[in-house]
1. Where nothing but the Cβ of Lys and Arg (+1) and of Asp and Glu (-1) is charged, how large is the charge dipole of the chain around its Cα centre, in debye to the nearest 20?
2. Under 5 Å between amide H atoms, partner at least 5 residues away or on a different chain: which partners does A270 have, H built in plane at 1.01 Å?
3. For a quick check: with amide H placed at 1.01 Å from N, whose amide H comes under 5 Å from M204's, ignoring anything fewer than 5 positions away on the same chain?
4. Please work out the C-alpha center-to-center distance from region 80-144 to region 283-335 and express it in whole Å.
5. Please report how many Lys pairs in the chain have alpha carbons closer than 22 angstrom, counting only residues at least 8 apart along the chain or sitting on separate chains.
6. Set the Förster radius R0 to 22 Å, insert the Cβ-Cβ distance between A312 and K63 as r into 1/(1 + (r/R0)^6), and round the FRET efficiency to 0.05.
7. Starting from region 44-149, pick out the GluC sites (Glu not before Pro) whose DSSP state is loop and whose Cβ has at most 16 other Cβ atoms within 10 Å.
8. Would you please put 207-216, 230-239, 155-164 in order of how densely packed they are, using the mean number of other Cβ atoms within 10 angstrom per residue and starting with the highest?
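Where a number appears in this text, it was derived from the coordinates with a stated rule and is not lab data. Everything numeric here is computed off the predicted structure, so don't read it as measured data. Cβ placement follows ideal geometry from the backbone for every residue including glycine, while neighbour counts extend to all protein chains displayed.
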Amino acid sequence: MLKRRCAAALASALLFLAACGGQRDATIRVGVALYRQDDTFITSLSQYLQQAVLEEEQARGVKINLNVVDGRGSQTTQNEQVDQFLDKGYDVICVNIVDRTAAAVIIDKAQGAGVPVVFFNREPVEEDLNRWEYAFYVGTRADEAGRIQGGLVLDAWRADAAALDRSGDGVLQYVMLEGEPGHQDSLLRTEHSVRTLTAAGVPMEKLSNNAADWQRGPARLRMQRWLEELGDAIEVVFANNDDMALGAIDACLDAGMEPEEMPFIVGVDATAPALRAVEEGTLRGTVLNDASGQAEDILALSCALARGEAPAVELEDGKYCWRQHTAVTRENLAEFLPEAS
Ligand code: GAL
């Protein structure tokens, strides 16, 4: 019944556009609910989203009202924000869900109001996404980021194993800085980074692991403790994201280490500060988590849904829109740096 309501809304939007002879002068209202606005990667994605809105407005002569709100890490707050978007008659809502296992509640609310919902970055479980035809996900494949990150270490091992294996015991000793427990990116990046090396025959030994919830400060404290306890035994630091890799580098700098004395530290995201660290030689590699591409897809999908058009983005199973990761090292860094003005 409610599904029919949304389908009817989309059909009437199409009829309306046809009646207007293709003129699209109505304002599109998009509500964006972020899990936390102070997350470095999410901040950059949100900035790209605002840039994509300006470009779309100019290119198509439309008005887009983008309202971005901060859930401050609380699912209760985010649910209330979603209620407000729906009460105010937004055309589409985009949700960076706080608790990825709680998507059913939001999907049911959106379905009740007949408003399409685009989740991004924090992937709902498949069963929830399948609850409604107008629930979508834009993101990147978490296992792919892990494999590429593992590949950065594997390439370095193959190029000069002795430089990585400082103890000379033929085994790579590593520590793992993990993101939030339960997040698809924490679980799968952790698993696939290490598996890529072991599958290639590199003997690996985990010295320790700890969750630092994507954040630089807690990662710095954790790495300080590891340096005290384990010292030179740490040969590789896998960090599930760049902010935590930068925290590990902060701890190494605090300990007075030069870049070449630091363990081989790798991250994921390719944020601006991480690219600077790659340039300086403290971060040995990262994985581009295409924030601008995902922002473009979120907006393209949202506008199409609001207009009742077929989405211009490619959808797997009619629901998933994926962007690919890319390895970033000092060798190809120039391709990822913002153009000099
Ligand atoms: C990941 C990203 C992290 C953090 C997290 C938030 O994809 O690598 O830095 O932003 O999303 O959900």
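1. Using Cβ point charges on Lys, Arg, Asp and Glu, the chain gives about 1300 debye.
2. For A270, the qualifying residues are D242, V287, N289.
3. Those qualifying (amide H under 5 Å, at least 5 residues apart or on another chain) are L172.
4. 18 Å
5. Here the count comes out as 6.
6. Between A312 and K63 the formula returns 0.70.
7. E133
8. Highest mean packing first, the order is 230-239, 207-216, 155-164.
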